[in-house]
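In what follows, a structure is listed as structure tokens, so that the remarks can point back to it.
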Number of protein chains: 2
Amino acid sequence: MSKEKPSIPKGTRDFGPATVVKRNYIFGVIKRTFEKFGYLPLETPAMEQLSVLTGKYGDEGDQLIFKILNSGDFLAKTKPEDIEEGYKHLTRKISEKALRYDLTVPFARYVVMNRNEISFPFKRYQIQPVWRADRPQKGRYREFYQCDADVVGTNSLLCEAEIVQMINEVLTTLGLSDFTIKINHRGVLAGIAEAIGEKGREGDICVAIDKLDKIGQEGVRKELLERGISEGAVQKLEPLYTLEGNNEQILDQLQALLGDTDEGQRGLKDLREVWQYLKSLDSQALSAQNLSEQSRLLLDVTLARGLSYYTGCIFEVKVNNVSMGSISGGGRYDNLTGMFGLPGVSGVGFSFGVDRIYDVLEELGLFPSSSQVGTKALIVQFDKASERYGLPVLQKLRDAGIASELYPEAAKLKKQMGYADQKNIPYVILIGSEEMATGKLKLRNMEQGEQQDLTVEEIISTLK
Amino acid sequence: MSKEKPSIPKGTRDFGPATVVKRNYIFGVIKRTFEKFGYLPLETPAMEQLSVLTGKYGDEGDQLIFKILNSGDFLAKTKPEDIEEGYKHLTRKISEKALRYDLTVPFARYVVMNRNEISFPFKRYQIQPVWRADRPQKGRYREFYQCDADVVGTNSLLCEAEIVQMINEVLTTLGLSDFTIKINHRGVLAGIAEAIGEKGREGDICVAIDKLDKIGQEGVRKELLERGISEGAVQKLEPLYTLEGNNEQILDQLQALLGDTDEGQRGLKDLREVWQYLKSLDSQALSAQNLSEQSRLLLDVTLARGLSYYTGCIFEVKVNNVSMGSISGGGRYDNLTGMFGLPGVSGVGFSFGVDRIYDVLEELGLFPSSSQVGTKALIVQFDKASERYGLPVLQKLRDAGIASELYPEAAKLKKQMGYADQKNIPYVILIGSEEMATGKLKLRNMEQGEQQDLTVEEIISTLK
């Protein structure tokens with residue numbers, strides 16, 4: 001066996017206990033919310049057929065897919081020409097499988113493969129890692145979890161309204177209050193393009209105005225002109241960046257601007273229907289408590305979202321006053337499964353960025369202490385006698401459902417206390433000769449540093 | 001985009017909602033038990049450096065590791081000679097990363113990399129998938145979950161006793177009662193080898209007697225002789241296959257047989273200490289209730305377990321009267337981290353085979369119905385009016401913490417009921433014109449087929 005100094009691949013991470021416990025707290029809130037809304041879990045394999053993934057993410061995406069080398073003698077079926085033709089050609093000869101790049105394509109694949117068994121509308125959530133051979137940098141990893149929820153097989157805009165509710169519920173349950181759920185509609189964007197005299201150019205317009213936050217109005221203007229949008233159209237577009245009023249007032253202004261375009265009409269009708277659903281549901285997202293008048297839900301016509309497969313409502317969520325990109329986003333697509341030959345399955349989905357949510361909660365100090373506790377009590381031992389005395393005590397604590405440990409060796413007190421400290425164990429139980437004689441054990445509260453002499457039963461009722 | 005018929009790689013599986021929910025039930029029981037005993041979760045990346053994995057599983061294991069093709073032009077740094085030298089040589093040139101093969105080596109790697117931050121003894125559990133390029137067959141997959149718990153940095157046999165307790169607790173919580181936790185000790189096996197005049201040959205003896213269940217006493221005899229164990233030694237060995245009496249009586253018989261061998265002494269002393277701990281803990285595993293006299297814990301000197309790195313106690317668990325291999329196993333090792341240059345870290349660990357446990361629970365009908373429910377209530381709608389009436393009802397149910405859905409379209413009643421049926425939703429709420437007029441909604445219990453007219457508040461208190 002080699003004695004190399006071990007390391008992990010760049011862009012990947014180990015998650016130690018303290019981090020896993022906090023991440024699981026976030027996953028738990030998300031799962032419980034998804035399930036309350038009728039979404040059920042799906043899990044797909046880490047490996048997919050390379051042919052299933054190829055061609056779904058554009059050329060650049062294809063390059064970022066991690067391919068798995070065929071096992072055994074992968075060269076056996078190759079010819080010298082295959083190698084001469086270069087690595088792209090050779091890849092297809094020596095690799096048949098790859099690591100999933102997102103959860104959307106595996107979901108589409110699952111729906112197509114199981115379409116005869118699935119009862120539509122099919123609401124599923126999926127929380128699993130994905131892998132991308134991106135260049136690692138701060139906040140960008142080669143292995144990271146995605147948290148998706150999608151419903152396919154219905155056009156009902158109740159689904160969109162429920163997505164707004166789920167986002168609102170997850171984030172408020174996590175203790176966040178100052179966030180904005182931006183919503184827009186691809187039809188509105190198409191209608192805008194038509195209304196400014198650039199019908200069919202909404203793709204270029206979206207790419208440019210998507211960068212408004214980053215490069216500002218001047219930057220967007222420059223990019224639009226470079227992309228061949230006319231000076232006049234750009235001028236007509238710019239007032240839309242700063243529409244004023246509440247959401248319904250903005251909808252009315254847009255109605256006046258886009259009222260004649262089919263796509264614009266479709267978009268506005270959908271958005272009004274989402275609003276109507278939220279009102280009927282009496283949704284808290286419409287009027288964020290504690291934020292006086294302001295609504296958490298904001299119609300933002302400059303929201304474009306890059307992914308080309310969206311066709312209806314689109315969402316994006318920002319935590320305010322924190323320097324962090326969007327922590328959630330999604331939208332409706334009309335043809336998710338078309339890539340596998342099953343057209344006409346409309347759906348809407350969204351996902352949470354768990355790494356970003358983690359960083360935000362950490363920055364704002366929002367992880368509750370209850371999300372961080374593992375073992376509740378450590379029994380310290382001094383010698384064989386105190387160990388023997390401690391064993392049935394340990395059993396009683398566990399029988400009462402209290403996560404507890406007996407330090408497995410009669411190590412120095414300092415070492416045992418240090419163990420409790422580092423493991424963030426809130427209570428230590430000390431059993432010395434006096435304690436054994438009286439039956440009253442010392443219970444030390446590690447945070448406050450206080451000690452009490454208590455019977456085992458008293459300790460149990462204190463810890464429960 | 002291609003329109004191929006999609007499939008998944010052989011040996012991998014999709015887990016639909018019904019299966020995920022049941023698997024999560026098993027994981028949940030395991031996690032809660034691990035945590036009650038002070039074990040905390042660790043997660044490592046799916047990809048490891050190939051150099052970290054190579055050489056740890058033997059030549060055959062190395063072949064079964066899934067390697068990941070370097071991204072970008074993986075041929076750029078290869079020379080024509082590299083290709084001529086064959087695929088094994090070429091693999092090292094075009095692949096630097098691989099999928100983890102088990103959770104033990106990544107754990108050892110983690111301990112070595114973080115040894116200065118970890119407070120020992122370090123108790124971690126890890127529940128993650130592993131990948132092996134084995135030939136797929138019934139019950140053997142290329143992607144499957146392992147569920148490991150290990151404690152490193154202590155020699156205390158309390159850890160072994162607690163492992164017996166954890167196995168017992170997990171399985172009984174899952175509703176299993178008729179199972180046997182077999183225990184043995186590598187020292188006992190070495191002592192036996194010495195006592196029958198084949199000192200140092202315990203490796204060969206273990207490999208052979210490990211197959212006793214499969215090939216019987218005659219088969220083992222043949223294999224032992226083939227492996228060069230003498231006729232006389234085999235004869236001395238055979239009475240050990242059928243030692244009679246309870247565990248303590250067996251220990252006494254072994255004491256007489258192995259009393260003179262150092263290794264045998266060590267093994268028997270350790271085993272007696274484990275027993276002593278379990279007695280002090282008043283462990284239920286020692287005397288299985290409902291099984292009259294029989295203990296669930298069984299000292300079995302024919303238990304060998306293949307893995308060569310075990311050095312102390314070894315465990316294996318069988319569910320009785322079910323044709324299924326062992327569902328859990330483990331043991332103590334003295335030099336886990338030695339492979340990465342950190343010697344002297346003793347530890348003991350074990351794991352659960354979740355796929356097998358799943359199949360056993362399915363076969364015995366032990367999944368509780370509560371482990372299978374997602375959505376609790378579906379509101380059926382007939383038209384826009386009943387939808388509008390249903391929306392605040394839906395909200396009230398969810399506000400009360402009841403997982404519920406409103407069918408998102410006014411589809412035919414049969415379709416909506418079929419949806420509830422297939423999704424295993426236990427209650428359906430029907431809102432027709434009469435219900436809207438009276439405020440009493442129809443609550444249908446899907447299993448019993450009974451209907452009641454109830455107010456929303458009455459429905460909530462029924463469902464909670």
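Computed from the C-beta positions of A:Phe27 and B:Thr438 and an R0 of 30 Å, the FRET efficiency is 0.10 to the nearest 0.05.
Ordered from highest to lowest accessible area with the whole protein assembly present and a 1.4 Å probe, B:Lys440, A:Lys318 read as B:Lys440, A:Lys318.
In the stretch A:52-73, burial by the other protein chains removes 10 Å² or more of 1.4 Å probe accessible surface, compared with the chain on its own, from A:Val52, A:Gly55, A:Lys56, A:Gln63, A:Phe66, A:Lys67, A:Ile68, A:Leu69, A:Ser71, A:Gly72, A:Asp73.
Using Cα-Cα distances under 8 Å and only pairs 6 or more residues apart, what relative contact order does chain A have, in percent? After rounding, I find 14 percent.
What does a probe at B:Gln235 reach in the stretch B:162-197, counting residues whose amide N is under 20 Å from the point 7 Å along Cα→Cβ? B:192-197, by backbone N distance to the label point. Mean partner shielding of peptide B:84-94, defined as the number of other chain Cβ atoms within 10 Å of each residue Cβ, is 2. Comment: the Cα-to-Cβ extended label point of B:Asn116, at 7 Å, lies 6.1 nm from its counterparts in the other copies, nearest first.
Gain on full extension, evaluated as 0.36 nm per residue between A:Ser323 and A:Glu363 minus their Cα-Cα distance, stands at 13.4 nm.
Shown here: the stretch B:373-463, whose C-alpha atoms stretch 30, 29, 23 Å along the first, second and third principal axes, sorted largest to smallest. Helix B:186-195 axis versus longest C-alpha principal axis of chain B: approximately 30°, rounded to the nearest ten. Taking every residue in B:353-366 and counting other chain Cβ atoms within 10 Å of its Cβ, the average works out to 0. Please compare each pair in B:Lys318/B:Lys376; A:Lys412/B:Lys36; A:Lys93/B:Lys56; A:Lys123/B:Lys67; B:Lys22/B:Lys440; B:Lys384/B:Lys464 to a cut-off of 32 Å on the Cα-Cα distance and tell me which ones are over it. Correct reply: B:Lys318/B:Lys376; A:Lys123/B:Lys67; B:Lys22/B:Lys440.
Spin-label model, B:Glu248 to B:Ala410: label points 7 Å out along the Cα-to-beta-carbon direction sit 7.7 nm apart. Interface residues of the stretch A:375-399, defined as those losing at least 40 Å² of solvent-accessible heavy-atom surface relative to the isolated chain (probe radius 1.4 Å), are listed as A:Leu391, A:Gln395, A:Arg398. A P(r) calculated from all alpha carbon pairs of the protein assembly as shown, with 20 Å bins opening at zero, reads 12, 39, 35, 13, 2, 0 percent.
Sorted from closest to farthest, the other copies place their B:Leu413 label points 7.6 nm away, with each point set 7 Å from Cα along Cα→Cβ.
Kindly provide the helix-only [θ] at 222 nm of chain A, computed as the sum of -39,500 (n - 2.57) over DSSP H runs of four or more divided by all residues, to the nearest 500 deg cm²/dmol? Working shown, then result.
Numbers: 18 runs with 192 residues, N = 464.
Using -39500 (n - 2.57) per qualifying helix, the result is -12500 deg cm²/dmol.
Heavy-atom accessible surface of the stretch B:373-463, averaged per residue, reaches 47 Å², computed with a 1.4 Å probe. Size descriptor for chain A, Kirkwood hydrodynamic radius: 26.2 Å (Cα pairs only, one decimal). Within the stretch B:179-320, the proportion of Cα pairs with more than 18 Å between them is 55 percent.
If each residue of separation counts as 0.36 nm, what is the full-extension length gain between A:Lys396 and A:Lys77 once their alpha-carbon separation is subtracted? Present the calculation step by step, with values, prior to reporting the outcome.
Working: separation 319, 0.36 × 319 = 114.84 nm, distance 6.36 nm.
Going from the current span to full extension adds 108.5 nm.
Take A:Gly245, push a point 7 Å out from Cα through the beta-carbon direction, and compare it with the same point in every other copy: 9.4 nm, smallest first. Ligands, DNA and RNA left out, the accessible area of chain B computed with a 1.4 Å probe is 47% carbon and sulfur.
Modelled spin-label separation between B:Lys10 and A:Asn155, with each label point placed 7 Å from Cα along the Cα-to-Cβ direction: 4.4 nm.
The values are calculated or read from the model by the stated rules, or taken from the named source; none is laboratory data. Given the structure is predicted, the values throughout are model-derived calculations rather than measurements. Every residue, glycine as well, gets a Cβ built from its backbone with ideal geometry; the counts of neighbours run over all protein chains shown. In case anyone asks, the SASA skips ligands and DNA or RNA and just uses the protein heavy atoms, side chains included. Shrake-Rupley method; radii C 1.70, N 1.55, O 1.52, S 1.80 Å.
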